[in-house]
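Only the coordinates and a few stated rules stand behind these numbers; no lab work does. Please read these numbers as outputs of a predicted model, since none were measured by experiment. Note that we place each Cβ from the backbone using ideal geometry, even for glycine, and neighbour counts take in every protein chain shown.
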Amino acid sequence: MAEKTYLQAISDGIRGEMRRDKRVFVIGEDVGVYGGAFKVTLGFQEEFGAWRVIDAPLSETAIMGGATGAAIMGMRPVAEMQFADFVSCAWDHLVTVAAKQRWRAGTPVPIVLRLPSGGGFSGGPFHSQNPESTFAHIPGLKCVCPATPEDAKGLIISAIEDPNPVLFFEHKHLYRRIKGEVPDERYTTPIGKARIHAEGDEVSLITWGAMVYTAEEAAKQVDASVEIVDLRTVMPWDKQAVLDSVRKTSKVLVLHEDTRTGGFGAEIAATIAEEAFEDLDAPVKRLAAPDTPVPFSPVLEKAFIPQVDDVVGALKELISY
Amino acid sequence: MAIARVAEPSGSLQDVKEQGLDREDLLQIYRNMLVTRGVEERGHILYRQGKIPGSFYTGRGNEASSVGVATAMGTDDVGTPLHRDMGVHITRGVEPWRIFAQYMGRADGPTHGRDGNVHMADANLGLLAMVSHLPAMLPVAVGCGLAFRIREEKRVAVAWSGEGAMARGDAHEGMNFAGVRRLPVVFICDNNQWAYSTPTHLEYAVEHLADRAQAYGFEGVVVDGTDVLAVYREARRAIEKARDGGGPTLIECQTLRMEGHAVHDDAFYVPKELFERWAERDPIERFRSWLRDNVDMTDEEEQETASFVKKLLNDALHRAEESPQPDPSALLEGVYATPEDLDTPHHK
Amino acid sequence: MATNTAVDVVMPQMGVSVSEGTITKWMKQVGDHIEADETLLEISTDKVDTEVPSPASGVVSEILVQEGETVAVGTVLARLGGEGGSASAPPPEPPTQPAAEASEAAASEGEAAPENEAVAEAPPENGRAFVSPVVARIAAEQGIDPTQVPGTGSGGRVTKKDIQSFIDSGAQPAAPAAQEAPATPAPEAPATPAPAAPATPAPAAPAPSAPPVVQQAAPQSAPVEVAAQVGETLEPMSAMRRGIADHMRKSLDTSAHVTSAIEVDMSRVVQIRQKLKKEYQSGYGVNPTFLAFIARATVETLRDYPWVNGEIRGDKIVTKSFVNLGFAVELADGKGLIVPVVKNAETLNLLGMAKAIAEIAKRARDKQLTPDDVAGGSFTITNPGGYGTFHGTPVISQPQAGILGTYAIVKRPWVVTDANGADAIAIRSIMNLTLTYDHRLVDGAYAGRFLRDLRERLQGWGESEY
C-alpha cells in the first residue's frame, strides 16, 4: 500500500499489465518519447521499446483503426486520444467497427481507449469535455469513470482484461490533485459496480468522476445525512446500487460535469422514476453543466462546471421539500 | 503522367509455373471464378424472387481481381474484402451454402441474420467482416499488420478499397501509417470505374490511384483486373515483399463494374459501348480461353467443372433454404463479448 | 424437391427504399406450366425494370394481380399449384412470438370506499393536499390516512420522515382510510326529547361537546403495541370514538374558543309550555319541549347576529341567509354523539320546530339518519345540562362559529322588581345558557348582545308567539 496520485495509479496499472502480458501495448500521439502529454506513460518506451509504446502519426483513425485491427489479431492495445475531445476524429472506427463487431460478426475487439477528460483549468471548448453519455448510448461499448486513485488502477487493469472496447475516462483535473492509498499488488475493480463514497439516509447523491469530490464538500455543508454513490462505471451502470440508495433515502440528486440535456443523468433519472416511483418523497433532481460548449475564461467556466455551492443549493432544496 | 508501374499482362505457362502454379492450381482458380459468378447470379435470381431482403450487390467483372489476390495470400494471412470481392471468400474456402444463408438472413449465416449482403466473414479463414462505411476496414487491416509487426510474425494483411472510397481520409490515414511504419500490408484498389453513378474523373485527379503510393513512401502498381494471372503475379510479389519486411504496396486492379451499383440500379449512366467493350474482356471467358490454349483444358474438364459448380450451388441453395429464420428472442445476446469469445485462432 | 403444396410468387423488393412495384407483363397464363428460374413476369419499380424468375416449377394455378396494377412489396402476385419439382419451398414463416399476456392492471388500492352513512366533509387539514408516492405507499401499507399526519414538509406536506415518526410514536390513527364519520348512523337510542321535570328540560341527552358532525376520515392505526399494566384493562377504541377524539382535538386547534354565560328566567316559558302541552299532544302528537322554545328563540336572534351563524372559510367570512340548526344527541351507553341538523330552521314556527326536533330524534333513535341529516349545519344547540349541571364549555362543531349550551332549569330564589320598582324575592325557574363562540370571528361584546337578545326573547315570550 502506498499513497499515489490518480495519475500515478493509472500509470502503474498499465505498466504492470505490460510487464505481465506482452500482448498489451500502448499507442497514441506523443506517448513514447515524450511519455504522453500528461506523462502517464513516462518511462514506458525506455522499458518496453518503440514497438510496444507506439508514437502514432497525428491520426486518430490510424490509432483507433489500428488498435481495432491489432485487437482482432490477438493483441491488447491500450490506445489513447490525447484529449477525450479528439475522440470525435476516431468516432467511426470506435462506433462502426469496434462496437458492433462482436454482436454482428462474433469477433471480439478487446481494446482500451484512454480519454483524458473533464475541465476546470481553462482548457476551453476542445480540451475539457466529458463525452461519456455519447458512448454509453452505443451498444457494445463500456465506459468507466474512476474517481479515486485506487479505483483508477483497478479499473484500468479490468479494462485491459475485458474482451470488449472499454472507454477509460480519466479526469485530467484529478491527475495530480487527488492522492490516495493504492495497493501495490495487482487487483481488479469490477466494471459495472458502484461504490458508496459516503453513507447516508436522507438524500442520495449519484455521481462519478471529479464531481465525487465536489459532492463530498457540499455534503459537509448541509445539515442532513447525504449518501454519495460513486457510480465508477457509466456503462454498464450499477442500477441496483442506485435504486437501493433511493429506496433508503427517497430523495435523489444526480450530479455530473457533462452537459445536462441527454447527459447520462437523464438515463438515471428516468430509470429511478420508472422503477422507484413509490419510493420517492421528492422529484428526482439533476445538476449538471448547462447546454453550452465548455467556456475558457475562469469566470465563465465556474458558471459552467457545477460548483460546491451549486450542489449545496440543490441538496438544500431537496432536503426541505 | 503515370508514376505507378504498369504491370505486364499474363504470359505463358512457363511464366506461370515460375510463380508456383501448376495445372491443378490453374483449374482450381477457374473453378473458384465460376463459383463466384454462380453464387452471385443465383443470388440475383433469389433477390428477384423476393427471397433475399434488403438490397443485393454483385462483383460481376471483378472475379479475376478477387480470386487472383486471394490465391496469392498465405494461409495465415488476413484480409478485409469488400462487396465486389466475393471471389476472396470463395477462394479462402467459405462454403456457398453459408453465403446463401447470409443473403437470406438465416440463422446459419455467418452473422446469424444480424447483418446482410457480403457483410460477413469467417474469422477462421482470416477474413474480417466489412462495414458499410468505406474504406473503414483499411485502417483496421493496417492494425492487423501492426500486430504482425509487433509480434514479428511473417504474416500479411490485405486491405481492399474501391476507387471511390479512396477519396476518404481513412484510406489516406491508413496508408500513411502503414508506410511510416513499413507494416506488412498490401492495399488492393478495385477500380471498376464507377462509384454508384460517379465516374472516376469525379473521384480523383491523378492518372492512376496507384500513383498515390509514392506519397506514402511505397510502390504503386496498375494491373489489368480482368487478367487473373497478372493479378496473381502482382499480388504475390507484393504479399511476399511485405512478408519479408519490404513494407506495403498499392495495387490498382482495373476492370468495369458490369452491373449496377446494386440490383436495384440498372446503371443507365454507363455508356452502352463501355459495357460492350468490357464484355469482350470478361475475366472468366478470358481465362477459359487461356486454359484451353495453354494447358489444354478439355471439353470434358469444362463440362465437369460446369456440372460441379451447378451441383454445388443447387445443394448449397437447398441447405441454405432449410436454415431457420433467426430467433428474435436472442436479439440482445452477444452485445458484449465474454472471455470465452477470446478463444479464437487470432488470440492464440 | 417434388411438392404438391402451392407456392406463392411475391412482389420482390428491388432496392432498400422501394416499397411497391407494377406488373408490366405476365409471361404465363393460368394453366401454363413453368420451370423454376424461368421468367414468369416483368415488373417496373422506381428504380428499375426487371424480370421475375419463377421460384419453382409447376403449373400457374392463380394470377392474383393483373398487368398494370401496382402493389406493395411482398404482395402475393400468383400461385403455382404443384405437380413436379419445386426448386424451393416458400420461405419458412418467421417463428411466431408467444402471445403477450395482457395483464389487468391492479385496481384501486389505498382508499376504501367511504361508508355510505358517513358524512364526508374534508377541511384542508394540511397546507397542501399533495402526498408523495413514498408517503402514499407507506400510508397504504400501514393503513394510515396521510391527511391525519402532521406535516413538516414544504407547504405543510407530509414527508416520509413525518409519517415514519408518526408510526414510530405509536400515534393512534382513527378509522380506515376512508371518509367516514365516526358518528355512525347507528346511534343507540338517544334520550328522547321528552321534557322531564324542570330539572331535566333537555330533550337531548347530555352532550358535553359538539359531536363530530363534520368528520374527517379518521385514520386507522396499524396495531401498535400497547401493554396493560397490572390492574389495567385494555379495550379498543371504536371508529366513532376515534372520530370524536379527532374532531374534538381539531376543533380546539382551529377555533379560538371563548364562552360567555347568561342566566335566563324561564318562568314564562314554563307557563306557556304548560298551556300548549295538551293542545300539541292531542292535535299534533308532539311535545312542545323547552328545546323547541329555545331553538325558536335562537333562530330569531341569529338573524340579528349573522356572524354567530357564520364561518371562516380561507380568509373570508361567510354569512348565511339560512339557519341549519344542529341538535346534539347522545347515543346510549356513552357510545358517542351525533348531531342531526334541521335544515332551514328559520322557516319553522314553534310547532314546526317541535315537530322537526321530534322527528330527527326518532330517526336518530331508530338509527335511520342519513349522511344528509348530519351535514350542513350552521349552528348547534347542545344540552349538557340534562343531568343537572349548570355550566359548561362545549366544543364548537367545525366549521361553525358558535354553539349554544343549555343547562338545567332550576328553581331559585330570584330578585324580582315589581311594577312600582320594589324588589322582592320570588321563586323563579332559572336556566343558564352558554354561548361558546370562535373569537377569531365573534368578539365578546357581539356575543354578549346575542345572549342578551336571546334572553329577552325567552323571558318575554308572548303567548301568541309560535
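A simple spin-label model places the labels of C:TRP414 and B:GLU18 15.0 nm from each other, with each point 7 Å out along Cα-to-Cβ. Amide H contacts of A:HIS197 (H built 1.01 Å from N, in plane; Pro and chain starts excluded): A:ILE228, A:VAL229, A:ASP230 sit under 5 Å, all sequence-distant by 5 or more or on other chains.
Within chain B, which is the longest segment containing none of the GluC sites (Glu not before Pro) that sit in a DSSP loop and have at most 12 other Cβ atoms within 10 Å? For GluC sites (Glu not before Pro) (loop position, at most 12 other Cβ atoms within 10 Å), the longest site-free span of chain B is B:1-151. Counting only other residues whose beta carbon sits under 14 Å from that of A:ASP151, what net charge do I get with K and R as +1, D and E as -1? Charge balance in the 14 Å sphere: 0. Centre-to-centre, using Cα atoms only, the range A:224-280 and the range A:281-308 are separated by 18 Å.
Each 5 Å bin from zero holds the following percent of Cα-Cα pairs in the range C:266-308: 5, 22, 23, 20, 14, 9, 6, 1. Among the residues of B:260-267, the average count of other protein chain beta-carbon atoms within 10 Å of the residue beta-carbon is 5. For the pair C:ASP46 and B:ASP296, a Förster radius of 56 Å applied to the C-beta separation gives a FRET efficiency near 0.65, rounded to the nearest 0.05. Note on C:LYS320: lysines with a C-alpha under 26 Å away, same-chain residues under 8 apart excluded, are C:LYS250, C:LYS343, C:LYS355. Can you pull a Stokes-Einstein diffusion coefficient for the range C:7-81 at 20 °C (1.002 mPa s), Rh from Kirkwood over Cα pairs, as a whole number of µm²/s? The estimated diffusion coefficient comes to 178 µm²/s.
With the convex hull drawn over the C-alpha atoms of the protein assembly as shown, the volume per residue is 275 Å³. Of the residues B:VAL221, B:VAL263, B:VAL158, the one that moves most in a GNM of chain B with alpha-carbon contacts below 10 Å is B:VAL263. For the range C:50-69, backbone nitrogen atoms closer than 20 Å to the point 7 Å from C:HIS33 Cα along Cα-to-C-beta are found at C:53-63. For A:LYS142, the lysines whose Cα comes closer than 19 Å to its Cα, not counting residues fewer than 8 places off in the same chain, are A:LYS100, A:LYS153, A:LYS193, A:LYS239. Once you reduce the range C:361-387 and the range C:421-466 to the center of their Cα atoms, the two points are 24 Å from each other. Scanning chain B for chymotrypsin sites (Phe, Trp or Tyr not before Pro) in DSSP loops with at most 14 other Cβ atoms within 10 Å, what's the longest stretch left with none? Longest stretch, sites excluded: B:1-195. With springs only between Cα atoms under 10 Å apart, run a GNM on chain B and tell me which of B:GLY217, B:GLY174, B:GLY50 wobbles the most. Taking springs between Cα atoms under 10 Å, the residue moving most is B:GLY50.
If r is the Cβ-Cβ distance from C:THR393 to A:GLN307 and R0 is 45 Å, what FRET efficiency results, to the nearest 0.05? Rounded to the nearest 0.05, the efficiency is 0.15. The amide H of A:ILE54, built 1.01 Å from its N in the peptide plane, has A:VAL26, A:ILE27, A:GLY28 as neighbours under 5 Å, considering only residues 5 or more places off or on other chains. Built from the Cα atoms of the range A:2-182, the convex hull projects on average onto 9.3 nm², one quarter of its surface area. Computed over neighbours whose Cβ is under 9 Å from that of C:MET27, the net charge equals -2, Lys and Arg +1, Asp and Glu -1. Counting only residues at least eight positions apart within a chain, or on another chain, the lysines with an alpha carbon under 25 Å from that of B:LYS241 are B:LYS17, B:LYS154. Its relative contact order, with pairs defined as Cα atoms under 8 Å and 6+ residues apart, puts the range C:239-459 at 30 percent.
Taking Cα atoms only, the orientation of helix A:308-319 departs from the longest principal axis of chain A by about 40 degrees. Provide the net charge surrounding C:VAL264, with neighbours chosen by a C-beta distance below 12 Å and charges set as Lys +1, Arg +1, Asp -1, Glu -1. Around C:VAL264, the surrounding residues sum to +2.
With the largest listed first and rounded to whole Å, the semi-axes of the equivalent ellipsoid of the range C:239-459 from the Cα gyration tensor are 28, 22, 17. For chain B, modelled as a Gaussian network with Cα springs under 10 Å, which listed residue fluctuates most, B:ALA330, B:ALA242, B:ALA279? Greatest mean-square fluctuation among the candidates belongs to B:ALA330. Taking every Cα-Cα distance in chain B and sorting them into 10 Å bins from zero, the calculated P(r) comes out as 5, 25, 35, 26, 8, 1 percent. The C:GLU456 and C:GLU359 beta-carbon pair, evaluated with R₀ = 30 Å, returns a calculated FRET efficiency of approximately 0.55.
When the alpha carbon coordinates of the range A:234-321 are projected onto the principal axes, the ranges are 43, 32, 16 Å, largest first. Between the alpha-carbon centres of the range B:43-82 and the range C:269-298 there is a gap of 114 Å.
For the protein assembly as shown, adding -39500 (n - 2.57) for each run of n ≥ 4 DSSP H residues and dividing by the number of residues yields -10000 deg cm²/dmol at 222 nm.
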